[in-house]
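A short write-up of the structure that comes next.
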Amino acid sequence: MKKLLFIIAVGLSVSLNAQVLTPKASPVAKLQQKVGLADIQIDYSRPGAKGRVIFGDLIPYGQMWRLGANENTKVTSSEALIFGKDTLKAGTYALFAKPGQTNWELYFYADYSNWGLPEPWDAKKVVLQVNAGVQKTQDFKENLEISIDALTNNGGTLFITWENTKVSLPFSLNTKAKVLASIDKTMAGPAANDYHAAATYYFNENLDLKKALEWSTKAVELRGPSAYWMTRLKAQLQAANGDYKGAIETAKISMEAAKADGDDAYVRANEKSIEEWSKKR
């Protein structure tokens with residue numbers, strides 16, 4: 001009898017401690033995006049509309065909203081984010097919103113450990129408040145989505161989309177200053193790849209093209225003509241500086257080396273450039 005009672009007690013204990021596993025009503029999401037030199041991560045929940053009117057009803061205009069569900073929406077950046085004249089230092093912040101019909105107020109909050117809105121709200125913990133534009137969309141978004149798009153080396157746009165509402169918040173980064181400082185430091189004792197990388201950045205950003213050509217020429221001298229991707233860049237820079245005759249000769253060297261290596265893409269690119277530059281000599 002005692003043995004039977006013990007078995008029943010153990011079974012009851014296991015039953016009481018067991019937990020039913022069910023999906024969350026608002027699934028957890030994690031966005032990771034490289035923008036320029038910055039690593040940006042956004043952790044948030046994605047509530048669904050589920051037939052409800054969201055903005056102006058479930059979420060009233062002019063009232064603070066936790067921008068998601070459950071735990072705080074967190075924004076983490078390895079680099080400072082610049083919003084117009086305001087700068088948000090690198091770090092992790094909670095993100096809250098005050099929706100409006102024509103404008104949203106977004107709040108970066110120092111304490112990101114809350115469940116829902118902080119109680120009480122501490123204005124001293126608001127690190128930065130910014131305004132974001134709002135537009136109505138024809139496409140319906142069932143679940144809240146936060147994304148980063150319109151990417152460049154120097155910034156992007158944070159988008160918040162739900163129902164038929166899309167909020168956009170452009171931001172910029174101090175990428176150019178960091179890259180230039182890195183280039184200047186590396187140029188004290190650079191290898192061929194360093195010269196080539198620096199020249200490529202200057203070429204793509206349309207900076208000092210004469211300096212870029214000097215670096216590209218140095219890269220080719222150090223690596224040799226077999227590095228057809230380097231001679232290709234040198235040819236492009238020669239053309240950008242108005243030396244079409246020199247660009248054609250360099251492109252021919254790049255093309256022959258690319259043929260020897262079986263890289264048809266570089267062969268075609270050089271052929272096209274030679275044809276184009278021949279008309280400008």
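What follows is calculated from the coordinates using simple rules that are stated; it is not laboratory data. All values reported here derive from a predicted model rather than from experimental measurement. Note: ideal-geometry Cβ built from the backbone for every residue, glycine included; neighbour counts use all protein chains shown.
Things to note:
- In order through region 31-41: 3J(HN,Hα) via Karplus (6.51 cos²θ - 1.76 cosθ + 1.60), integer Hz, x for Gly, Pro: 9, 10, 9, 8, 10, x, 9, 8, 9, 10, 10
- Sites ALA150 and ARG52 - FRET efficiency at Förster radius 22 Å, r taken between beta-carbons, to 0.05: 0.15
- Separation of the VAL20 and LYS34 label points, Cα + 7 Å toward Cβ, nm: 4.5 nm
- Applying 1/(1 + (r/R0)^6) with r as the Cβ-Cβ distance of ASN193 and ASP261 and R0 = 25 angstrom yields a FRET efficiency of 0.90.
- Of every Cα-Cα pair in region 151-254, the percent that sits beyond 23 Å: 40 percent
- Cut-off 10 Å between beta-carbons: net charge of the residues surrounding LEU213, Lys and Arg +1, Asp and Glu -1: +1
- Residue order, fewest to most beta carbons within 10 Å, for SER216, SER113: SER113, SER216
- Neighbour-limited loop hits for trypsin sites (Lys or Arg not before Pro), region 50-102 (at most 10 other Cβ within 10 Å; DSSP other than H, G, I, E, B): LYS50, LYS85
- Whole-number D in µm² s⁻¹ for region 34-98, Kirkwood Cα-pair radius fed into Stokes-Einstein, 37 °C, 0.692 mPa s: 240 µm²/s
- In region 21-100, the chymotrypsin sites (Phe, Trp or Tyr not before Pro) that fall in loop regions by DSSP, at most 15 other Cβ within 10 Å: TYR61
- Extension gain, GLU275 back to GLN135 (0.36 nm per residue minus Cα-Cα distance, nm): 45.8 nm
- Restraint check, LYS98/LYS178; LYS218/LYS272; LYS211/LYS252; LYS50/LYS74; LYS211/LYS245; LYS211/LYS272, Cα-Cα greater than 31 Å: LYS98/LYS178
- Taking label positions 7 Å along the Cα-Cβ direction at both ASN206 and ASP86, the computed distance is 3.1 nm, reported to one decimal.
- Once the Cβ-Cβ distance of ALA240 and GLN101 is raised to the sixth power relative to R0 = 45 Å, the FRET efficiency obtained is 0.40.
- Helical runs (DSSP H, four residues minimum) scored at -39500 (n - 2.57) apiece and divided by the length of the chain put the mean residue ellipticity at 222 nm at -12000 deg cm²/dmol.
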